[in-house]
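Chemist: What follows is a single structure, and I will ask about it in a moment.
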Amino acid sequence: MGTTAKEEMARFWEKNTKSNRPLSPHVTIYKWSLPMAMSITHRGTGVALSLGVSLFSLAALLLPEQFPHYLAMVKSLSLGPALIYSAKFALAFPFSYHTWNGVRHLV
């Protein structure tokens, strides 16, 4: 008959303990480096861009009005310049960072 998962795990740890194998280090022991941070940021901006494009295209397909209608709605909110510039930065940063980091990687 087969063994249970608990028995398999007990056998696995018993074998590792007997053979004195080193355990794999946990992610918390690594020192942060610039390439590590840039790689994580590159992946994060790639995910953000994929989600943003997907949501925008889904909204373009499903919303009943055309884009100028929704743009006029946002303009009618009379948002302050600080919020507008923050939103522009939040939209432009992932695109520019991901693009230039990809170019850097290719070079």
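The values are calculated or read from the model by the stated rules, or taken from the named source; none is laboratory data. Here the structure is a predicted model, which is why all the values come from computation and not from measurement. Here Cβ is always computed from backbone atoms with ideal geometry, including for glycine, and neighbour counts include all displayed protein chains. Heavy atoms of the whole protein, side chains included, go into the accessibility calculation; ligands, DNA and RNA do not. Shrake-Rupley method; radii C 1.70, N 1.55, O 1.52, S 1.80 Å.
Chemist: Which lysines, on any chain, are close to residue 88 with Cα under 25 Å apart, when same-chain ones fewer than 8 places away are left out?
Modeler: Straight-line reach from residue 88, under 25 Å: 75.
Chemist: Residue 77 versus residue 57, label points 7 Å from Cα toward the beta carbon: distance in nm?
Modeler: For residue 77 paired with residue 57, the spin-label model returns 2.5 nm.
Chemist: In the Gaussian network model of the chain, springs joining C-alpha atoms below 10 Å, which of 18, 75, 31 carries the largest mean-square fluctuation?
Modeler: 18
Chemist: May I have the pair-distance distribution P(r) for the chain, computed from all Cα-Cα distances with 10 Å bins from 0 and rounded to whole percent?
Modeler: Taking all Cα pairs of the chain, the binned fractions are 10, 21, 21, 16, 15, 9, 6, 0 percent.
Chemist: Okay, moving on. Which chymotrypsin sites (Phe, Trp or Tyr not before Pro) does region 15-107 hold that lie in a coil by DSSP with at most 12 other beta carbons within 10 Å?
Modeler: Working: sites: 30, 32, 56, 70, 85, 89, 95, 97, 100; in loops: 30, 32.
Passing sites in region 15-107 are 30, 32.
Chemist: Output ³J(HN,Hα) for region 66-83: one whole-Hz value per residue in order, computed from phi by the Karplus curve 6.51 cos²θ - 1.76 cosθ + 1.60 with θ = phi - 60°, and x for Gly and Pro.
Modeler: Each residue of region 66-83 in turn: 7, 4, x, 4, 6, 5, 5, 4, 5, 5, 6, 6, 6, 6, x, x, 4, 5 Hz.
Chemist: Using 1/(1 + (r/R0)^6) with R0 = 35 angstrom and r between the beta carbons of residue 93 and residue 26, what's the FRET efficiency to the nearest 0.05?
Modeler: Numbers: r = 31 Å, r/R0 = 0.88.
The formula returns an efficiency of 0.70 here.
Chemist: Got a number for the accessible area of residue 98? Probe 1.4 Å, square angstrom, nearest 10.
Modeler: 50 Å²
Chemist: For the chain, what does the accessible surface come to per residue with a 1.4 Å probe? Please give it in Å².
Modeler: Values: 9770 Å² over 107 residues.
Each residue of the chain exposes 91 Å² on average to a 1.4 Å probe.
Chemist: Helix 34-62 versus the longest principal axis of the chain: what angle, 0 to 90°, nearest 10, using Cα atoms?
Modeler: Tilt relative to the chain: about 50 degrees.
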